[in-house]
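Engineer: I have a structure I would like to understand better, so I am pasting it below and will then ask my questions one at a time.
Readers should treat all values here as calculations from the given coordinates under stated rules, not as data from a laboratory. Note that the coordinates shown come from a computational prediction; the quantities given were computed from them, not determined experimentally. Counting neighbours? That spans all protein chains shown, and the Cβs are built from the backbone with ideal geometry, glycine included.
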There are 2 protein chains.
Amino acid sequence: MQSETIENYLKTIYHLSGGNASVVGNKQLADKLNVIPATVTEAVKKLHELKLVVYEKSYGTRLTAAGSKIALTIVRRHRIWETYLAKELGFGWDEVHEIAEELEHIKNDKLIKKLSEKLGHPHFDPHGDPIPDEKGKIRKSNFIKLSEAKVNTSYKITGVTDHSPAFLKYLEKHQLIIGALLSIKNVEAFDNSLLLQCRKKEISVSSKAAECIIVEELPVQTAA
Amino acid sequence: MQSETIENYLKTIYHLSGGNASVVGNKQLADKLNVIPATVTEAVKKLHELKLVVYEKSYGTRLTAAGSKIALTIVRRHRIWETYLAKELGFGWDEVHEIAEELEHIKNDKLIKKLSEKLGHPHFDPHGDPIPDEKGKIRKSNFIKLSEAKVNTSYKITGVTDHSPAFLKYLEKHQLIIGALLSIKNVEAFDNSLLLQCRKKEISVSSKAAECIIVEELPVQTAA
DNA sequence: TTATTATTTTTGGCAGACCAAAAAAATAAA
DNA sequence: TTTATTTTTTTGGTCTGCCAAAAATAATAA
Ligand SMILES: [Mn+2]
Ligand SMILES: [Mn+2]
Ligand SMILES: [Mn+2]
Ligand SMILES: [Mn+2]
């Protein structure tokens with residue numbers, strides 16, 4: 001079977017290519033995987049041999065169907081574990097990623113099946129990221145970044161794109177957690193910071209933070 | 001931190017030395033670890049450098065206090081996971097060992113703590129093996145092998161020493177599972193097979209099987 | 001378009017974990 | 001106590017996954 005290293009390469013290529021099998025560069029991969037570009041060059045050559053990616057010299061790498069399939073099972077394992085750790089074992093959403101980075105490499109289909117079953121086959125992990133099903137299919141949604149949302153419209157937080165403990169703890173402190181309802185009161189012209197209305201309190205968030213928060217527009221409230 | 005390989009060596013040395021830090025040979029280790037003796041020679045030299053074992057050339061290897069401590073944390077992780085898989089996720093006792101062989105290498109103390117907590121801090125795994133506590137201490141018991149048990153005495157099955165799916169399935173078929181009560185009716189002289197009385201049925205088990213079943217003598221029934 | 005910067009590849013090396021075959025040492029049999 | 005057998009070690013090699021430094025390419029800026 002494939003090594004942990006291969007799994008991490010495929011998963012990272014998947015993430016960097018934004019799910020749509022577009023080409024990713026060597027440096028990019030090297031940074032995410034904490035290796036030097038020379039190491040990546042060797043690795044992608046090997047993955048090419050294995051027909052898991054198409055690697056074009058001095059240009060870049062993209063997943064093949066076979067590589068994509070493996071990547072999606074790793075992503076599924078990762079997100080199922082994150083959800084399990086949070087929901088069943090009481091870990092915080094800022095803690096689960098690190099542990100899942102290890103657990104995602106446990107090769108046992110039945111195990112993931114049981115975990116998923118116990119969770120009621122969830123479609124989203126604790127960060128709002130979609131969980132691919134057994135076949136690798138992902139529920140697509142029309143979520144947008146908070147930074148792209150309209151003023152004076154109601155939204156629900158559905159996810160985050162930065163999984164760092166620092167950011168997640170920051171959000172938690174301000175109760176900007178998944179499911180929270182909010183609307184944008186005002187966009188500050190000079191730095192694009194947002195003034196949010198959220199459960200009766202006004203909170204100001206930087207444009208950088210707003211880039212990392214995913215929201216869903218809510219249907220307008222019809223008067224009773 | 002130490003590699004998976006090192007963890008497996010230490011755990012295997014621990015098991016082969018019967019818990020009491022006695023010396024284990026190279027061939028022995030090689031057989032358990034599915035490598036050739038030459039590989040073991042190299043490995044134990046390195047472990048010696050790391051002060052995790054004392055390796056004496058052409059003689060054998062035994063754990064140091066430091067090595068023993070690591071071995072016990074691996075054994076703890078293994079058995080906690082086995083118990084968790086069986087109790088919380090519904091795996092059969094013949095399935096858990098293989099998965100735990102992988103899970104035991106996940107390095108996260110809090111994870112094991114949570115699992116143990118959820119299980120109510122169990123002292124025995126699904127095979128009846130004792131689970132070391134956080135400090136590595138093991139509850140010692142006065143269990144004996146069924147093959148050493150007396151005729152016409154009541155016993156309870158508390159464990160098995162063979163964890164192979166074949167053996168475990170065989171036991172399950174005859175309901176010789178942990179907790180089952182039995183007594184020995186007769187010992188066949190010529191092959192040492194045992195005739196057991198167990199829940200109203202008589203079952204004959206080979207001496208080989210009896211070697212692998214652990215029992216506890218029950219206090220004699222006082223008349224009501 | 002040339003010069004500068006960034007990315008990618010090549011080359012040579014290293015550590016961990018393994019094996020095969022041969023030599024040495026220890027054990028068991030005769 | 002020799003001889004045979006088993007165990008252990010040595011030696012030379014492989015494979016994976018990594019790095020450092022230098023050379024080649026590509027992309028950007030001037
Ligand atoms: Mn994650
Ligand atoms: Mn996630
Ligand atoms: Mn086991
Ligand atoms: Mn066990």
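Engineer: Tell me the volume per residue, in Å³, of the convex hull enclosing the alpha carbons of the stretch B:1-125.
Structural biologist: 103
Engineer: Still on this model: Taking only DSSP H segments of four or more residues, each worth -39500 (n - 2.57), what value at 222 nm results for chain B once the sum is divided by all its residues, to the nearest 500 deg cm²/dmol?
Structural biologist: Here the helix-only value at 222 nm equals -12000 deg cm²/dmol.
Engineer: With a ≥ b ≥ c taken as the square roots of the eigenvalues of the C-alpha gyration tensor of the stretch A:144-217, please select rounded if a/c is under 1.5 and otherwise prolate if a/b is larger than b/c or oblate if it is not?
Structural biologist: Since a/c stays below 1.5, the shape of the stretch A:144-217 is classed as rounded.
Engineer: Using Cα atoms only, what is the angle between the long axis of helix B:37-49 and the major principal axis of chain B, expressed in degrees (0 to 90) to the nearest 10?
Structural biologist: The angle comes out near 70 degrees.
Engineer: For B:Gly179, place a label point 7 Å from Cα along the Cα-to-Cβ direction in every copy; what are the distances to the other copies, in nm, shortest first?
Structural biologist: So the label point of B:Gly179 gives 3.5 nm to the other copies.
Engineer: Starting from a label point 7 Å past Cα on the Cβ side, list the distances from B:Glu98 to the same position in the other copies, nm, shortest first.
Structural biologist: Distances between equivalent label points, in nm: 3.3.
Engineer: Please report the spacing between the Cα centers of the stretch B:87-150 and the stretch A:152-219 in Å, no decimals.
Structural biologist: Each part's Cα centre sits 44 Å from the other's.
Engineer: Principal axes first, then extents: for the Cα atoms of the stretch B:3-63, list largest minus smallest coordinate on each axis, whole Å, largest first.
Structural biologist: Here the spans come out as 25, 25, 22 Å, largest first.
Engineer: Given all pairs of different Cα atoms, what value in angstroms does the Kirkwood hydrodynamic radius of the protein assembly as shown take?
Structural biologist: That comes to 26.1 Å for the protein assembly as shown.
Engineer: In the structure shown, do any of B:Lys27/B:Lys169; A:Lys113/A:Lys137; B:Lys87/B:Lys208; A:Lys32/A:Lys173 have a Cα-Cα gap over 20 Å, and if so which?
Structural biologist: B:Lys27/B:Lys169; B:Lys87/B:Lys208; A:Lys32/A:Lys173
Engineer: Could you tell me the ratio Rg/Rh of chain A? Both radii from Cα atoms, Rh via Kirkwood.
Structural biologist: In chain A, Rg relative to Rh is 1.02.
Engineer: Express in whole angstrom the spacing between the alpha-carbon centres of the stretch B:3-26 and the stretch A:38-70.
Structural biologist: Taking the Cα centre of each part, the stretch B:3-26 and the stretch A:38-70 sit 40 Å apart.
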